[in-house]
1. Tally time: how many residues in segment 119-134 are more than 17 Å from Glu169 (Cβ to Cβ) and open to solvent by 30 Å² or more (accessible area, probe 1.4 Å)?
2. Restricting to segment 285-306, name every residue that is assigned to a loop (DSSP other than H, G, I, E, B) and out of contact with any Pro (no Cβ under 8 Å at 6 or more places or on another chain).
3. Which residues, counting only those in segment 715-741, are closer than 18 Å to Arg656 by Cα and in a strand (DSSP E or B)?
4. Of the residues Asp685, Asp692, only one is on the phi > 0 side of the Ramachandran plot, touching a residue at least 40 places away in the same chain (Cβ under 8 Å) and open to solvent by 40 Å² or more (accessible area, probe 1.4 Å); which?
5. Of the residues Val328, Val291, Val318, only one is modelled with pLDDT under 90, closer than 25 Å to Gly179 by Cβ and touching a helix residue (DSSP H, G or I) at 6+ places or on another chain (Cβ under 6 Å); which?
6. Across segment 146-192, what is the total count of residues that are in a strand (DSSP E or B), open to solvent by less than 30 Å² (accessible area, probe 1.4 Å) and either aliphatic (A, V, I, L, M) or touching a Lys or Arg at 6+ places or on another chain (Cβ under 8 Å) (or both)?
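The values are calculated or read from the model by the stated rules, or taken from the named source; none is laboratory data. Worth saying up front: this structure is predicted, and the values here are computed from it rather than measured. Please note: Cβ atoms are built from the backbone with ideal geometry, for glycine as well, and neighbour counts cover all protein chains shown. Each accessible area value is taken on the protein alone, full model and side chains, heavy atoms only, with ligands, DNA and RNA left out. Shrake-Rupley method; radii C 1.70, N 1.55, O 1.52, S 1.80 Å.
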Amino acid sequence: MLRAIALLLGALLGASALYEDQAGELDWYRQNVGAVLHADFHTAQGRRLVFVSTDVGMVAALDATTGETAWRQPLPAGERIVAQAIAPGAGALLVGSLAPDGALMARRWTLDGDLVWDVAVLPPAPDAPSPAALAFVGDGAESVVALWGASVTLVRGHTGERAWAWTHEAGEVSASWGGVHLTADRSTLVVYGRAGAGRSSALARAELAFASGAPASEVQLARAPSALDEADAAVLTLEPRFVVTLDAARTHLVFQADGDDGAHGGGAVRTSTMGAWSHASAGAHARILRVPLPGAVLVRLGEGHVVLVDLTTGEPHVRWEARAAGPVAIGSLRAGAQAIVAAVYAGAPAASLEQSTVLVTAGGAEVLPSPSAVPLTRGSYGAPSALYLGSYSKKDGGGVVQIAQRALLVTADGAVHGLADARALWAREEALARPEQLEFLAPPRARETEALADGPQYGQLLRAATRALGVAGGAGARPDGASGGGGALFADSFGFRKLVVVRTASSKVLALRADDGGVAWSALPSLDGQPVETLTMVVVPAPITHLDTDLLLVVRTLSQPHTYAALTYDGLTGELRAPAHSLPSRVLWSAPVPASDAALAALEAGARAPAVGHALVLDDFTVALLPDTDATARAFEAARTSIFFYLLDGAAGVIRGYGFARSQKQHGFRAVVRWTYILPANAHDLSIAQLDSAEAVHAPVQVLGDRGVLHKHLNKNLVALGYTQLDRAAPAAGPSVHVTVLDGVTGAAVHDFVQPRAAGPVKLALTENVVVAHSSAVPSGKPMLSLIELYDNATEPDYLAIMFSGSDAAALRARSSFEPRAPFALSTSFFVSAEVEAMAFTQTAKGITPRQLMLALHSGQMLALDKKLLDTRRPIGAPSTADREEGLMPYSPVLGPMPLQLYVTHGHRVERARGVRCAATTLESTSIVALYGADLFISRQSPAKNFDMLAPDFNKGALALAVAALGVGTVVTTHLRRRQELNRLWR
């Protein structure tokens, strides 16, 4: 009786919760800014902000208390930020970036994120290094000066108008400016740097009229005793001013004092060896940090060693040093004629930070009390890499206003941390701004619920029943890993609960929950404590549904680029499953080894041994098995005849297909060439794509409007290769785009498509028998989509016509399934209104739902195109009755402006979009799609609407009342029937 009540409650709750808990639209957006390169603190309109510019070309303001984004402005794609300055009194932010054409783009923003002006400064030479300085000079933001090589450019701060430019050119002694100073009377701009090369090196000083840029005198050159370092520009300290650089060997400081009277106050150039400070010659590791300090400089002698050198005494000496076993991050804060310098380095435990702080004045340096170890927020971040300081006012317990220190810390993985008062306030996982790979990972099902959760219709019922009966099904305590959020994670009945695993450019791997975007776990791989570069990530699916999926990472150490290893992580928790497996060389290809029947049976019985191995093809084409056991070798031997792969050699223009053969070694296998396909000699802009082997195909045929049938050419091993080629015999015809479809097992060319007057780069997407290629028209540059459909026959024979008009021998000839038949192709092309960065087809569980083509646009939007819009059989002219029955629209060469409802991202914009990924759910109607770049957007997509889900306006209350009424009616009528039967028997 109790179970019956539980099932009845489950039915009621399932109806009321189906849409809201499981079938609601999923749509979340994660906005990133990237790893911080420059930062300035300032309080604007009562809000404490930190203004940052980042490695992905973003200018943003973050709330210094919460880490939230106040505003963000992306720079044009391809620009690299090199400088930032702030003028708080004028409410101005200055950002300098190098454009792809080599120009320095200087932009002034308001502190609210509005662009005031931008101006381009041309490089002084084609091979000029990065600009040495871009800064405000004068009162507030009156003027902007750019120092670039031998050139000095002044820009009006209010209008962005270029006021003047001056370049020092004197034969072989051309200068490279690195510091600038405006005299007290505001009439002269003094620039400092070095000039010449080799033994003719000198420290240089020039005085320019602030109003016109005219030189006030000859450039003053002070000969250096040895050659100067040409890699970095000279550094100018605060009052008392010194011009400082390094010699070419980077073993000596070279410096000279400078006075307010315009004359060299220190006379000759002086040098000082750094050997005594570093206890060894610094050599190539030494460099001067561009941190303005009064009469002192910071010199980094090594990754974990920084010294503060006081230049105001007769002989330079070290006033303070920060030394650690790992990297040391340095930050500074200028306060009038003083400056605060802080060093942060990893402490013990590794999740905490140690800090050392010093106050630098013109008379020396004073070490300040430093906070105790500052713990980072939970996560895996790596060593500190950059530190930015700020200050703010606060009241103590007695109401006295005090000046407190605030900091922004950047760690090796690119994460940004907000610190204040020896506390970690917040952390942003900005490694996600540079994704390299994104994969969906399905959590396991719980054993208790597996039998009843095979279909989505049982999910809500089962959950309510187990809750009512106290059965622990579908939930339970699971470890969340060393760096994740809490809670159990099991698959839901609808397949919506997934993990989105992202491999980033900083080698960090993060798993995000697909339902809310929260970080489930993160891992920063390392080998023996040394940082590594993650080369590839492979999802190793679990052989049975209640086991966790593994992640295999192939890494190499940064300090020893030829040291490779394989790491296996639990995909659910991020925990390392086993010690690193060393590899003798780089990995060319990898794939899971299918589990044997015996291994699957052992797992079903509760065995803990790994059931899925992994095969890695190394640089010498030998196969490394993980784990290297007899069981893995037997499983690979059983499956090797059905495993194939290909490698594209873009430089040689060759694609080769491989199979596997046995070798003489124990557990030994090697990859052998099965076929070779040589591209034309003038092919370029190569791209390649293949079908998803897990893609579900529902129907092998396509039924036409006239009841004819087209048999799809279905081959799970299809590989599409796209490239641009110029016909040398007719160069006037312009380039053309070729799409060659190959059989990945035999290397046979299945079809070759040519789009004339088009150029790459070619982007490809495949599904079932369809290939989509994106290219650009020549010479207009308009983006194009080309669609190719492969079929095995034109149509089924008309048997009625054969009966009445005679036989068709060709149509009725018996065919064998082993007989090779070249497919025929239908193709068409369309102009589209926006450039496409990436594309993919939606995936569903059974392949019944019509697929949509998801396009990642250059604008940061994601557009969903129905297959009917791109159909190769769209008729030219008025559609026939059969065409209308199929829903075919008349052909138009231009896919014009699309309805807004086709833009899946709606009001969001994913900057620097680079990829689209799709995953199936248990519900046939729904697919999960992800658009990733500097930002991340994930949504549920239903191409044919939610035909297997209740509508959001479904009257669940009426259903509950109806079920309750039926239940009451059943009880009452049963009772009445029994009474009636009893009365009848007594008669």
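1. 2
2. From segment 285-306, those assigned to a loop (DSSP other than H, G, I, E, B) are 286, 295, 303-304; that's our starting set.
Once the filter is applied, which keeps residues that are assigned to a loop (DSSP other than H, G, I, E, B) and out of contact with any Pro (no Cβ under 8 Å at 6 or more places or on another chain), segment 285-306 yields only Ala286.
3. Result: Leu718, Val719, Ala720, Leu721, Gly722, Tyr723, Val739, Thr740, Val741.
4. Going through Asp685, Asp692 in turn, just one is on the phi > 0 side of the Ramachandran plot, touching a residue at least 40 places away in the same chain (Cβ under 8 Å) and open to solvent by 40 Å² or more (accessible area, probe 1.4 Å): Asp685.
5. Result: Val318 is the single residue among Val328, Val291, Val318 that is modelled with pLDDT under 90, closer than 25 Å to Gly179 by Cβ and touching a helix residue (DSSP H, G or I) at 6+ places or on another chain (Cβ under 6 Å).
6. Number satisfying all stated conditions: 13.
Residue by residue, here is whether (1) open to solvent by 20 Å² or more (accessible area, probe 1.4 Å); (2) of a type in the set (A, V, I, L, M, F, W, C) holds:
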{"residue": "Val832", "(1), (2)": "yes, yes"}
{"residue": "Phe841", "(1), (2)": "no, yes"}
{"residue": "Ala856", "(1), (2)": "no, yes"}
{"residue": "Thr881", "(1), (2)": "yes, no"}
{"residue": "Gly907", "(1), (2)": "yes, no"}
{"residue": "Ala919", "(1), (2)": "no, yes"}
{"residue": "Thr926", "(1), (2)": "no, no"}
{"residue": "Val929", "(1), (2)": "no, yes"}
{"residue": "Ile938", "(1), (2)": "no, yes"}
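Conditions tested, residue by residue: (1) under 35 Å from the mean Cα position of the chain (by Cα); (2) within 17 Å of Asp421 (Cα to Cα).
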| residue | (1), (2) |
| --- | --- |
| Val297 | no, no |
| Glu303 | yes, no |
| Thr313 | no, no |
| Leu333 | yes, yes |
| Ala339 | no, no |
| Gln355 | yes, yes |
